[in-house]
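First the structure, in the form of structure tokens, and then the observations on it.
The values are calculated or read from the model by the stated rules, or taken from the named source; none is laboratory data. All figures in this text were calculated on a predicted structure; none of them were measured in a lab. In this analysis, Cβ positions are derived from the backbone assuming ideal geometry, glycine residues included, and neighbour counts consider all displayed protein chains. Each accessible area value is taken on the protein alone, full model and side chains, heavy atoms only, with ligands, DNA and RNA left out. Shrake-Rupley method; radii C 1.70, N 1.55, O 1.52, S 1.80 Å.
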Amino acid sequence: MTHFVKAWILAISLILTPTALSAQVVLPAAPVIDPPAAEAPTVVEEPASGLDPALYTPMKPTPGIGMPVDGGVNFQEQFSPTGQTARWINSTILIPMMFGVSLVVLFLLFWVVVRFRRGANAEPSKTTHNTFIEIIWTVIPVLILVVIAVPSISLLARQFEPAPEDALTVKVTGYQWYWGYSYPDNGDFEVISNMLSKEEAEARGEPYQLAADNRMVIPVGKPVKLLITAADVIHSFAIPSAWFKLDAVPGRINEKVLQIDREGVYYGQCSELCGARHSFMPITVEVLSEEKFNDWVRANGGTPKGQAAVNEVSAEGSGAVEETSTVVAPQLVPASSSTEAAAPAASAPVTQ
């Protein structure tokens, strides 16, 4: 009985709670007093990147280059050596072969329907197998697979060749949900890249959901060693127009070489489902000449790779000179003292 009474009391209190809340008096909002008018400061427009415009200004993308196009049915135009080879394999070998095999199969289907229909064969054949036909339908597919395999395996091996020793190193880190690009060869600074809003992308003349506030910048025509990892979950770094895609896995560093042979802006996106904002972490790669790339490095507070090596050599050389001068410096001795010290040595007898 006690539990029954408690249940009714709880139910009545829950029912009356909204009524009590609605009965509360709403106090009027405090009046807003406008501050005294002050003279507006002069606003100096800065470049979209926030860097020194004398050293770096973001390049405008070329429509249709490095980005998807309306009505496109083929791979994007390729600007890397591996991408050009892959597109050639697809356009020259795979598509004609698929078209030819489809036509042959369609012809055989119609021929079987017409030649072996009931009206043309009142008494069906009792043949159980045909050695010649069985050899043909075994050998021809093998030859087709060999024709496909030779260039495909060569392309696959080329995609994972190690970078040369003098290649620029860039560490790519996937975060939820943005990218970070570190340059260990140029002072180890990091660039954080987030997606631009629709208004900002339109103002910069870039495609929405592909444009980023800060880009990954690399030199044109030079192999770049990308070290790709993630800080939280699995992401995937992909640039379709450079035929590049590699997973970013937490606790692991995957390595692959990226080389783009034309200056411009190239877009990609995270290609691994990584959470709620997976579709809002685009990849923007800007490819510049080596001189402009070095200016971009300086604008970010870094040091060009060659200049850093020269600075190290000069620093080591100056340290060696200081050390040598300290050790080799002679000690000055008064002339009288040296004469007095030399006299006993001259009068000393020679011991056999």
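Do we find that E322 is closer than 14 Å to L168 by Cβ, among the charged types (D, E, K, R) and either modelled with pLDDT under 95 or open to solvent by 70 Å² or more (accessible area, probe 1.4 Å) (or both) in this structure?
Considered against the rule, which asks whether it is closer than 14 Å to L168 by Cβ, among the charged types (D, E, K, R) and either modelled with pLDDT under 95 or open to solvent by 70 Å² or more (accessible area, probe 1.4 Å) (or both), E322 comes out as no.
From the residues in the range 223-236 that are under 13 Å from V257 (Cβ atoms) and of a type in the set (A, V, I, L, M, F, W, C), which one is most open to solvent (accessible area, probe 1.4 Å)?
L227
Determine the pairs where a residue that is on the phi > 0 side of the Ramachandran plot, located within the range 133-150, has a partner that is in a helix (DSSP H, G or I) with Cβ atoms under 8 Å apart, the partner being 6 or more residues away or on another chain.
none
Checking E77 against (1) under 26 Å from the mean Cα position of the chain (by Cα); (2) farther than 30 Å from A242 by Cα, which test does it fail?
Checking E77 against (1) under 26 Å from the mean Cα position of the chain (by Cα); (2) farther than 30 Å from A242 by Cα, the one that fails is (2).
Does any residue of the range 69-88 turn out to be hydrophobic (A, V, I, L, M, F, W, C), outside any loop (DSSP other than H, G, I, E, B) and over 25 Å from W296 (Cβ atoms)?
Yes, because at least one residue in the range 69-88 is hydrophobic (A, V, I, L, M, F, W, C), outside any loop (DSSP other than H, G, I, E, B) and over 25 Å from W296 (Cβ atoms).
Go through the range 213-257 and give me each residue that's of a type in the set (D, E, K, R), within 17 Å of V287 (Cα to Cα) and in a strand (DSSP E or B).
K225
Based on what the data block shows, is P219 touching a helix residue (DSSP H, G or I) at 6+ places or on another chain (Cβ under 7 Å) and under 19 Å from G83 (Cβ atoms)?
yes
If you take the residues in the range 164-187 that are among the charged types (D, E, K, R) and touching a residue at least 12 places away in the same chain (Cβ under 8 Å), which one is surrounded by the most Cβ atoms within 10 Å (Cβ to Cβ)?
Selected residue: D185.
Being open to solvent by 60 Å² or more (accessible area, probe 1.4 Å) and on the phi > 0 side of the Ramachandran plot is the filter here; which residues of the range 239-282 pass it?
Scanning the range 239-282 gives W243, G251.
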